[in-house]
1. Which residue, A:41, A:128, A:151, has the largest displacement toward the positive end of the dipole of segment A:12-152 when charges sit on each Cβ (Lys, Arg +1; Asp, Glu -1)?
2. How far is it, in nm, from the label point at residue A:83 to the one at residue A:13 when both lie 7 Å from their Cα along the line to the Cβ?
3. Label position 7 Å from Cα toward Cβ: report the copy-to-copy distances for residue A:100 in nm, one decimal, ordered from shortest.
4. Quick check: convex hull over the Cα atoms of segment A:12-152, volume per residue in Å³, rounded to an integer?
5. Would you work out if segment A:19-71 is rounded, prolate or oblate? Take a ≥ b ≥ c from the square roots of the eigenvalues of the alpha-carbon gyration tensor; rounded if a/c is under 1.5, else prolate when a/b is larger than b/c, oblate otherwise.
6. Would you grab the residues whose amide H sits under 5 Å from the one on residue A:90? Only those 5+ places off in sequence or on another chain, please, with H modelled 1.01 Å from N.
7. Compute the separation of the alpha-carbon centres of segment B:40-82 and segment A:55-81 and state it in Å as a whole number.
8. What dipole magnitude, in Debye to the nearest 20, does segment B:13-152 give about its Cα centre under +1 on Lys/Arg Cβ and -1 on Asp/Glu Cβ?
2 protein chains.
Amino acid sequence: MTDKSSPASLSPTELEAYFALIEVSSLVRHTVEEQLRNAGGLSYVQFQLLATLGDSPDGSRRMTELADGVVYSRSGLTYQVGLLEKAGLVVRSPSADDDRGVTVTLTAGGRDVLARVFPGHIDGLRQLLFEPLTSEDVDSLARVLTIVRDHMRSNPPRSAKPRRKGAAPRPASGDA
Amino acid sequence: MTDKSSPASLSPTELEAYFALIEVSSLVRHTVEEQLRNAGGLSYVQFQLLATLGDSPDGSRRMTELADGVVYSRSGLTYQVGLLEKAGLVVRSPSADDDRGVTVTLTAGGRDVLARVFPGHIDGLRQLLFEPLTSEDVDSLARVLTIVRDHMRSNPPRSAKPRRKGAAPRPASGDA
DNA sequence: CGTTAGTGCTTCGAGTTCGAAGCACCCGAA
DNA sequence: TTCGGGTGCTTCGAACTCGAAGCACTAACG
């Protein structure tokens, strides 16, 4: 980290990869979002939340886990979970071992909606994203993206930013 | 094409690729957004717009081109271009050949901001996205994502949705 | 035990985003 | 020409999002 010998630009291929990544993910998101809205009145984030909960054996997660899994601000998460709760798809309960914590749990209705929406979601993805790819392509994609994800996860910029205090994790980078 | 024998689920690898795609792009976006905000008071979208304009030989684009390139709603684009114009980074002018059209052009100030912000942007990307990847990885990533992007572009779900007409459940309020 | 630091979640205000509706204009047909 | 449909952009209202600040609790330390 002492020597920043990185040139001020990326290779053409890197740029291409970056732009394509952004465009593809945006398009996927938009398309899927629309499909979800029609199918079950869910926003993309809400679907992600339900799906994350459904992924858990007991259908429960802590708020923080949800925020990390969905890359969402805490406050936004509070808002969305509030909506889902109002819609009866999840319930909030105080965490067992930590009185500060809140556990979010999928209700039967939540599972229902999830089950109703999922097939269309999958199908949309298949057509939009995977149709033109060979299984080899999918392999590379998954492999490379997983590498990147793990790299990012192990790096600081998570949602769990240390609250600005004494220890400055901010390396005062070129701030004017 | 006549038989849609697609199963209702995706392979594990496909799911993995999908989830990683979403998480990576979200993280990239968030991180970059924060960096941009510190460096130049730009949101990610604003940066994308400036960069798109900067990419054009004469620094101009039509609104629709911008919306397509950035995957943005038309109204959101209007809003953001309004902000950029107010900040003096772009100007709007009526299109030459089509009176409906609006051409957005980068100003000197806009180029300036872009130039000031770009290095940090690139550097952030390098560390966040490309550091753990070999050039081979980058190649695959770019290749596969480009395939997907082209596929998506050639498919209907662009911003140019045909406007709903005839079969409208619209009450007879105005005119028909 | 008390104090201080740190964490989990929510509230708050301001800014952003979207789709639908609307206006102005282009184009093809009669 | 005059229509009638389609396109380009903006306006509008409602919903979403975020960071900062705040509250409640736990953990570390004497």
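Please treat every number below as a calculation from the coordinates, not as lab data. Being a predicted model, the structure only gives us computed values, none of them experimental. Because the Cβ atoms are built from the backbone with ideal geometry, glycine has one as well, and the counts that use them run over all protein chains shown.
1. Among A:41, A:128, A:151, the one farthest towards the positive end of the dipole of segment A:12-152 is A:41.
2. Spacing of the two 7 Å Cα→Cβ label points: 4.1 nm.
3. Label-point distances to the other copies, shortest first: 5.6 nm.
4. Here the figure is 135 Å³ per residue.
5. Judged from the Cα gyration tensor, segment A:19-71 comes out oblate (a/c at least 1.5, b/c at or above a/b).
6. A:85, A:107
7. What the calculation gives is 32 Å, centre to centre.
8. Using only the charged Cβ atoms, the result is roughly 620 debye.
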